[in-house]
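Worksheet: the structure to be examined is printed underneath.
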Amino acid sequence: MATKRNVLLNPGPATTSDSVKDALVVSDICHREQDFVDVIEKLRVDLLKLSNGNIKDHVAVLFSGSGTINMDVALNSLMPAKGKALIINNGAYSSRAVDICKFYGLPYLELKLPFDKRIDTTKVEEVLKQHNDIALVYTTHNETGSGILNDIREIGRLAHDHHAIFVADATSSFALVPIDINKDNVDVLLASAQKGIAAMPGLSFIIARRLVIETSKDYPKRSYYCNLYRQYHHFEQHGEMQFTPPVQLVYAASQGIRELQSEGMANKFARVKRINQAVHDGLLRLGFKEQIARSEQGPIAVSVLFPNDPHWDFMKVHDYCYQKGFILFPRPVGGNNAFRIGSLGAIDSKDITAFFVVLEEAMHHLGVAVPVQY
Ligand SMILES: *Cc1c(COP(=O)(O)O)cnc(C)c1O
């Protein structure tokens, strides 16, 4: 089934391959059939392999929902009756984790750090030294709004030194940059089908140390549907989700993983870097300024400052590119005068080169000066 190919430059959901799209169309099946349970089982094992976990110590627990469901589940399920969560916040997604803590009335500390720098881990260590009641340390690996890739390995090490568990939101980094759940000191990794594995939104997974989930069995219960232990326990007993899974999305995610396996994670990472380099090159050619210093950025998303030109109108630029099949996130980042370009999905550097031709056309069309003015 051929559909028009769009290149999604918003940092997730990502451009999917035709084969991932086609995987959605399957014979109807009841989700309790063994054939389907086998598909889920394989997907869960493959997710563990991707994060370098092992079946004895780790488990992948799936949820129906966008990536935020994982954040909700991890925070509402893994907080003991006593103790605080430490949210290390240098961007919009960790701010969302703070909101979740507030919403559930969870005791938390927020370490608010500059949004335009990688997390300063000496600050994390100071807070952990000052407070001996931190049970859970939480942060975002790739802050998708700014494109900053935080040092989870060091943060995880510090959390463990202070006897806290470490939750890393890797929604926009998993399967894009190599992650090793052991070496990176992550106890609970959050990820989703629509970003790194370039499948459909609506299926999310928590890859965690079994012991951490087992230990949470008698923690205060704050949700029925979104409790990590309950979902884990059901998977252990029956190999299935508690309630109806998003059947077709599971097939599409499985196809996304097969494509990643045949590409190989090292090649995938090289492709992400190649796409990102093409983004930097294109921006430089047109004279755009990036919002975050290159030294602080990872390879997944670039935040670009709007030019200071009376003819610049971001929504008009967006609409022009949209008509030509290149989709920019149609809202400025966090109230800033900036737009983002992601390196996710079934695309390559030639798509970025083609995008910059269209972007330049859009600017000529609007009368925006090139190179752009600030
Ligand atoms: C995309 C993303 C999420 C999930 O966001 P949704 O709005 O639920 O799709 C969570 N964390 C990070 C870092 C993300 O990039």
- Please give the peptides 94-103, 360-369 ranked by average Cβ packing (other Cβ atoms within 10 Å per residue), highest first, as a rough proxy for protection. 94-103, 360-369
- Enumerate the calculated ³J(HN,Hα) couplings along the stretch 355-366 in order (Karplus 6.51 cos²θ - 1.76 cosθ + 1.60, θ = phi - 60°), each rounded to whole Hz, writing x wherever the residue is Gly or Pro. 4, 5, 5, 5, 4, 5, 4, 4, 5, 4, 4, 8
- Query: For the chain, what proportion of DSSP beta bridges, expressed in % and rounded to the nearest 5, is antiparallel?
  - Reply: 50 percent
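Using 0.36 nm per residue, how much length does the chain from THR244 to LEU211 gain when fully extended, once their Cα-Cα distance is taken away?
Numbers: separation 33, 0.36 × 33 = 11.88 nm, distance 2.62 nm.
This chain segment gains 9.3 nm when fully extended.
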- Across the stretch 170-244, how large is the tail of the calculated P(r) beyond 17 Å, expressed as a percent of all Cα pairs? 53 percent
- Residues with amide H under 5 Å of ILE134's amide H, sequence separation 5 or more or different chain, H placed in the peptide plane at 1.01 Å from N; which? LYS84
- Task: Could you pull out every one of the aspartates and glutamates with an alpha carbon less than 13 Å from that of LYS49, ignoring same-chain neighbours closer than 8 positions?
- Result: GLU41, ASP57, ASP180
- Would you mind checking the pairs LYS183/LYS289; LYS195/LYS221; LYS117/LYS324; LYS21/LYS324; LYS129/LYS183; LYS21/LYS117 and listing those with alpha carbons more than 32 angstrom apart? LYS183/LYS289; LYS117/LYS324; LYS21/LYS117
- Message: I'd like the orientation of helix 92-104 relative to the chain: the angle between its Cα long axis and the longest Cα principal axis, in ° from 0 to 90, rounded to 10.
- Response: 40 degrees
- Query: LYS42: which lysines have alpha carbons under 16 Å from its alpha carbon, excluding same-chain residues fewer than 8 sequence positions away?
  - Reply: LYS56
- Expressed in nanometres to one decimal, the distance between label points 7 Å along Cα→Cβ at SER223 and ALA369 is 5.0 nm
- Item | Cα-based shape type of the stretch 222-364, given that a ≥ b ≥ c are square roots of the gyration tensor eigenvalues and the cut on a/c is 1.5 | prolate
- Under 13 Å Cα-Cα from LYS84, which aspartates and glutamates qualify once same-chain neighbours fewer than 8 residues away are excluded? GLU110, ASP133
- Which residues' amide hydrogens lie under 5 Å from the amide hydrogen of TYR108, considering only partners 5 or more residues apart or on another chain, with H built in the peptide plane? ALA85
- Note on the structure: Using alpha-carbon positions, the gyration tensor of the stretch 52-201 gives root eigenvalues a ≥ b ≥ c; with a/c under 1.5 called rounded, otherwise prolate if a/b exceeds b/c, else oblate, the class is rounded
- Principal axes of the stretch 1-98: Cα extent on each, largest first, Å: 52, 37, 26
- Message: Among 235-242, 110-117, 179-186, how do they line up by average Cβ neighbours within 10 Å per residue, starting with the highest?
- Response: 179-186, 110-117, 235-242
- Relative to the longest principal axis of the C-alpha atoms of the chain, give the angle of the C-alpha long axis of helix 68-77, reported between 0 and 90° and rounded to the nearest 10°. 30 degrees
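Bear in mind that the values in this text are calculations on the coordinates, not laboratory data. Everything quoted here is computed from the prediction, not taken from an experiment. Every residue, glycine as well, gets a Cβ built from its backbone with ideal geometry; the counts of neighbours run over all protein chains shown.
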